[in-house]
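Nothing in this text is a laboratory measurement; each read-out follows from the coordinates by a stated rule. All values derive from a computational prediction rather than experimental measurement. Glycine gets a Cβ as well: all are built from the backbone with ideal geometry, and neighbour counts include every protein chain shown.
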């Protein structure tokens, strides 16, 4: 029915109405065609590009959405939904660094602030701007305090930013909610090791490895903590497991072997370490 | 309540150090848009008595402008400040002739021609500059006649030492990376131009020069084995680590394995032994951004231990010398948790509280630009760590010192009051002389032995290893300062390179004692 109307309706008002109807009916390809026609007929009117971009976005053609929205924003750069949709499109396209500018601009738009903080935080995180991501997740968490995930993400990003002193209280506030979560236990334990020493983080690292023996970063952190505590015999198993993917661990592993009198294995691990740690 | 009372008492008995700026600005040449790598590297200084008046003077290497990598304006000049006493300093740079022309990073002082006047070598972007001290308050640039003008690679640090115990000072020059202004890349950190990671630059080798004894140096790098070991050196610590009677060299490298060059064949060649001795990388296996370094005996066993600074989350690794290797004790001494959040440059052992236990001080800041992606977070305050029987804790009295881009650090008793003062440099800031409050009743002894390579014992277990190199690209030629705690006297033993030894019994505290072979 809508398609038939679209074919008949070639005047701008009719096309616009049909495009809107198609959007409401979630017939996004139809809406795309309507707005494409409008853009072709009236290129000077940026609103058709905004609508086209939205139609592409909902049709999951994020590359086309980004192109149309960018053209709209060139004509109408004021903060608004286009920035948000463009930013999200960039995120969907796995282009988090390119998503940051439109999402930062979208913050100036007063509608639905919580969703924009979350998307912006995701963009910062994807672009490895850890500190900015941590702050953005914290802002999002203020708006949605029931969402423990946002606090968890903020803690994760503070840790990645090496701001362990800021990560620690957030992790500490979540221990009940993430009980049994190996990734959480590893991150919290590793944070404590770095902040307070190996003894403080060891119980959490042991829990993490017990919960998921395949979590190699936890095995690595556990091995390093045990070396730091002067327990080479205990350190060898986790280091052996984790060194398969992280050659830096071959050095503490060789030290552990040496401390245990396993000199041949120590020499092999050290030789392997030298060979695999690239010297730029 | 009791804790509060203790804190109040602590505050009452811990007077602050007094910072005193010197009238110069350490110029880097970086701009908002342009961050050439050398611009993050200046900050070395030298403390030595250039005019023989018994007071320690201060020299600061200064940067310049890019893309030339030279000094193009008067404010780029290196600076020499004459110590007038009572912590007053006069700028005598121009008259002394040490203004310089090259973009400079560091300085190392030493009397290479043994004429009794301490000379000065400045490391720069286009090689080194050797200033011969004429003994009349002026210096002559003798770089070319001394045979040091041929290598125009970026020299970041250097050290005078007697590699072959022939009683003249040889020279190690630390080259950082192969760098070329014409091919310098633009790097972006968190959306802004910033300094590039060292991985973008090729490693290079260090240079060893042998003093021929006639004012000329011969490049013996290849024969001594240095050319086989490229690195990204940041500084050098010099001591006889293996106690064979000949000086060895530790070179911290930026994100590649550190190097330990052990002297062999009476100083004719050097064997790279960082792995065998356990200092190539910290125990976690990740080669850090090794920066400044120092070698002294922090645990009183008579062996030269090692520390180097690094960037955040890398800690300041501390190594105990066992006699045949180094054991990392960063965690055992608690220095890991203390330094985890710090980025350091100049770092050194110094007994700041005169209790007879070497403390550690660090000039801190990130390697990234304060106008780059991380912004003001690159600035940090300086720190010192007080030793308490083998473990470290935060030292007090520096709490009011500001965050800045601190780089160089050196310690010496500038006003001869029996306490070590500290001199710090900061990028785009004035150097600061931190005057020690010297309010405690702890006693001290200064042993005036300035021969690099000499070892000095005071009491039963305090050892100093005399070296021209200190911290990051810096140098101190001064009496060796020992804290004595409550002791009123101590025995002093000096062992010079080559083995000559002198022992003084029950030297009274609170004095400078000059000891000659």
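Using R0 = 30 Å, the C-beta based FRET efficiency linking residue B:53 and residue B:18 works out to 0.80.
Note on the stretch A:65-127: Rg/Rh from C-alpha atoms, Kirkwood Rh, equals 0.94.
Relative contact order of the stretch B:96-166: what whole-number percent is it, with Cα pairs under 8 angstrom and at least 6 residues apart?
31 percent
Note on chain A: with a GNM built from Cα contacts shorter than 10 Å, the maximum mean-square fluctuation among A:141, A:17, A:242 falls on A:17.
Among A:266, A:198, A:40, which one moves the most in a GNM of chain A with springs linking Cα atoms closer than 10 Å? Looking only at A:266, A:198, A:40, the biggest GNM fluctuation is shown by A:40. For chain A, the longest principal axis of the C-alpha atoms and the axis of helix A:232-242 are separated by about 30°. Separation of the stretch A:123-188 from the stretch A:23-57 is 39 Å, based on Cα centroids.
When B:512, B:347 are ordered from fewest to most other Cβ atoms inside 10 Å of their Cβ, what list results?
B:512, B:347
Under the definition of Cα pairs under 8 Å and six or more residues apart, what whole-number percent is the relative contact order of chain B? Dividing the mean separation by the residue count of chain B yields 15 percent. Based on the Kirkwood approach, the hydrodynamic radius assigned to the protein assembly as shown is 28.9 Å, with every pair of different Cα atoms included. Volume per residue of the convex hull around the Cα atoms, evaluated for the stretch B:247-366, comes out as 105 Å³.
For chain A, find the longest principal axis of its Cα atoms and tell me its angle to the long axis of helix A:62-75, 0 to 90°, nearest 10. Tilt of helix A:62-75: around 60 degrees.
Order by neighbour count: B:81, B:50, fewest other Cβ atoms within 10 Å first, most last.
On the way: B:81 22, B:50 30.
Ascending number of Cβ neighbours within 10 Å: B:81, B:50.
Its convex hull of Cα atoms gives chain B a direction-averaged projected area, equal to a quarter of the hull surface, of 22.1 nm². Sort out for me the Cα centre separation of the stretch B:490-517 from the stretch B:218-251, rounded to whole Å. Cα centroid of the stretch B:490-517 versus Cα centroid of the stretch B:218-251: 28 Å apart. Counted by neighbouring Cβ atoms within 10 Å, the residues B:417, B:254 run from fewest to most as B:417, B:254. Projected label points at residue A:43 and residue A:177, each 7 Å from Cα along the beta carbon direction, are separated by 5.1 nanometres.
The angle separating the long axis of helix A:198-211 from the principal Cα axis of greatest extent in chain A is about 70 degrees. Among beta bridges from DSSP that stay inside the protein assembly as shown, the antiparallel ones total about 95%. Expressed in Å, the radius of gyration and Dmax of the Cα atoms of the stretch B:313-460 are 16.3, 51.
Roughly how far apart, in whole Å, are the Cα centres of the stretch B:439-481 and the stretch B:387-427? First find each Cα centre; the distance between them is then 16 Å. Each eigenvalue of the Cα gyration tensor of the stretch A:133-180, multiplied by 5 and square-rooted, gives one semi-axis; in descending order these are 15, 14, 7 Å. Relative contact order of the stretch B:225-306, taken over Cα pairs closer than 8 Å and 6 or more residues apart, is 28 percent. The average projected area of chain A, computed from the convex hull of its Cα atoms over all directions, is 19.3 nm². Taken along its three principal axes, the alpha carbon spread of the stretch B:107-255 comes to 54, 38, 23 Å, from the longest extent down to the shortest.
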